[in-house]
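One structure is given below, encoded as structure tokens.
The values are calculated or read from the model by the stated rules, or taken from the named source; none is laboratory data. Everything numeric here is computed off the predicted structure, so don't read it as measured data. Reconstructed Cβ throughout: ideal geometry from the backbone, glycine too, with neighbour counts over all protein chains shown.
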Amino acid sequence: MKNLILISFLVLFSATTMSAQQDSIIKLDEVVVSDVRVKRYADGHKVTVLKDSAIQRNNVFLTSLLAFNSNIYFKENGFGMVSSPAFRGTNASHTAVIWNGININSQLNGQVDFNTINPFNYNSIGIRSGGGSVQYGSGAIGGSIHLNNDLRFEKHFDNQVSIGYGSFETKKVNFNQSFSNRKASYSFGINYNKSDNNYKYLETDEINKNGEFENLNLNFNAGYVLSEKQVLKIYHQSFIGERNLSGNLFVLGRSKYKDNHYRTQLEWGRFGKKAVSKVKLAYLQEEFKYFENKDVDNYSFGKVSNFLARYSLDMKLSKAFRLNSFLEYNNYIGKGGSFGDPKRNDFSATALIKHTISPRTAYNFSVRQDFSSDFSSPLVFSLDGKYDFNNHYGIQLNASKNFRTPTFNDLYWQPGGNLNLVPEKSYQVDLGNRLKFGGVSLKVNTYYIATKDMIKWLPGDGGFWAPININDVQIYGAEGEAEVTYPINKKQEVNFKLNYAYTVSEDKETKEQLIYVPFHRGNASLTYRISGLNIFYQHLYNGSVSIIGGELDEYQTANIGATYTGNLFNKGPKYTLGITINNLYNIYYENIALRPMPNRNIQTQLILNF
């Protein structure tokens, strides 16, 4: 309780001090970012931002985008099926997904299915490596993925229509519109995807049966300038999905899964010369229906809603110091055939201090205390900073304590739920090196993670699976990112990117690598641009992984494609034609045992901007 009182005092003291510093009026930025913490309070962390060009090349699911543009390994139960990440050797519930500043990980299983997220819906997608529980809460242990809808308060009216068609009767339609003047801004998007998904299982005579999927995404984001000091913003997203669940090489699939996600958040912000205060209210709802036999109208169901309220204050204390603090309340209400009607109330208080010693040196110290109606949460902290030796070389360092709380499934699932579980605790340190000369940049990170009380589901004496807090796990490794951009002339440019990760993730007692964590993983991309023509090649290598009872072979796969951008009727609307050949070499591979991924296939798209 002393920790909570101390942190809450910092928030309230800041709010009191702020009243004397809000008199001056500042001019609002033309672009209002949805989560300033990624930019302002991450000096010691590796942050990678993916923008339009990368998103348009891999725009069906977030899984494919990140698989070819980051060091994250994904486990997919076949194309379009459930997809979960392994970020720095951790499991799927150790990657936090942050939507416009709030954590959207499921309260049922602690994770996000990355095949329910369409990257076309966002202005940018950020990848923040390393622990982030102080800022982003439960689950931010391996890292966090940031989905950003940034509002532009500059005069414009833009429309974009995108249609795509490809192998396996895969169809996609996207429409996005954005409008703004100096007073109001909004963006709207609707995305529809459907596929028969009946690809051939290479090296067999079988095809992927019962793999059809269909989903609809709706997005709306708006902001209104109430005064020279105040802005009101709203973000909304709906996902409505239905997919049959593929079988494997030996078992024919016959099940079906329907899941819907609804997210709405309202934010009021007051901008002063030295301080910005915000009040955020959000409502999140997830629900599912699982049909063991798709032809029979019998199903299991689950539903969780979350009401969130947050007050935050970002304040410049002096030329050298800045304080960011916030209080947050979450109310969770669940209902399900297998876990009853659980409820939970969580409260947290957080304070972050940023000290800018010089333009080349800065560090952040932060602390957070959570209180839950279900269990005791640990006090967590983070210290990170950077030092730039010159314009070409710098280092980053961060150390933190992080946590993950048990989910409703962990606690209440019947049979198997365990009410005696305690939150997982993780300690980690990360050292990063940054080197940049002209169009050449290199990032190298080494890290160590020690996790205590990891929650793991194991077979029990009663013949069913149950979660327990197991022995300690240690993870260590190294990551490298390299990029070279070479402009040949004003019309031609070559870009090369490379990612590589070496990861050891082992049970400290058995000294064995955890399942589905490759020791080696890498990807590379090469892009050549001449005027409006872009030609790209992507290559992915995934090392072998341990599985229950054996090992899954390493694999390599590649994509190649091209886009051409021009104008209709000379100076008319812009269009982009694109074609991509996936799995170029027609390689058989699995990233989950007995579940083959697609053979060589073609996807085409037409994008019209007006």
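Candidates are the residues of the stretch 344-397 that are among the β-branched types (Val, Ile, Thr) and crowded, with 19+ Cβ neighbours inside 10 Å; the one that is farthest from residue 447 (Cα to Cα) is 350. Is there any pair linking a residue in the stretch 164-189 that is within 26 Å of residue 578 (Cβ to Cβ) to one that is in a loop (DSSP other than H, G, I, E, B), with Cβ under 7 Å and at least six apart or on different chains, and which? Here the result reads 168/196; 168/197; 168/198; 168/199; 169/196; 172/60; 187/149, each pair linking the stretch 164-189 to a residue that is in a loop (DSSP other than H, G, I, E, B). Hey, could you check the stretch 472-509 for residues that are within 30 Å of residue 531 (Cα to Cα) and of a type in the set (Asp, Glu) and say which is nearest to the chain's Cα centre (by Cα)? The selected residue is 481. Kindly evaluate residue 164 against the criterion of being part of a strand (DSSP E or B), out of contact with any Ser or Thr (no Cβ under 7 Å at 6 or more places or on another chain) and under 20 Å from residue 610 (Cα atoms). Taking the combined requirement at face value, the residue does not satisfy it.
If you go through the stretch 190-224 and keep only what is of a type outside the set (Ser, Thr, Tyr), part of a loop (DSSP other than H, G, I, E, B) and either more than 22 Å from residue 596 (Cα to Cα) or touching a residue at least 24 places away in the same chain (Cβ under 8 Å) (or both), you end up with 196, 197, 198, 202, 203, 206, 208, 209, 210, 211, 212. Considering the stretch 435-505, there are no qualifying strands (runs of 3 or more DSSP E) wholly inside with 1 or more residues that are at pLDDT 95 or above, among the charged types (D, E, K, R) and exposed (fewer than 14 other Cβ atoms within 10 Å of the Cβ). If the condition is being of a type in the set (S, T, N, Q) and either part of a helix (DSSP H, G or I) or closer than 21 Å to residue 148 by Cα (or both), then the stretch 58-82 contributes 58, 59, 63, 64, 69, 70, 71. Of the strands (runs of 3 or more DSSP E) contained entirely in the stretch 246-355, those carrying at least 3 residues that are of a type in the set (Lys, Arg) and in contact (Cβ under 8 Å) with a residue 12 or more places away in the chain fall at 255-271, 275-291, 300-316.
Yes/no matrix, rows are residues, columns are (1) at pLDDT 95 or above; (2) over 17 Å from residue 135 (Cβ atoms):
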position: 317; (1), (2): yes, yes
position: 320; (1), (2): yes, yes
position: 351; (1), (2): yes, no
position: 363; (1), (2): yes, no
position: 376; (1), (2): no, yes
position: 388; (1), (2): yes, yes
position: 393; (1), (2): yes, yes
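Matching residues to (1) modelled with pLDDT of 95 or more; (2) within 15 Å of residue 121 (Cβ to Cβ); (3) surrounded by fewer than 17 Cβ atoms within 10 Å (Cβ to Cβ):
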{"site": "221", "(1), (2), (3)": "yes, yes, no"}
{"site": "228", "(1), (2), (3)": "no, no, yes"}
{"site": "239", "(1), (2), (3)": "yes, yes, no"}
{"site": "244", "(1), (2), (3)": "yes, no, no"}
{"site": "251", "(1), (2), (3)": "no, no, yes"}
{"site": "257", "(1), (2), (3)": "yes, no, no"}
{"site": "260", "(1), (2), (3)": "yes, no, no"}
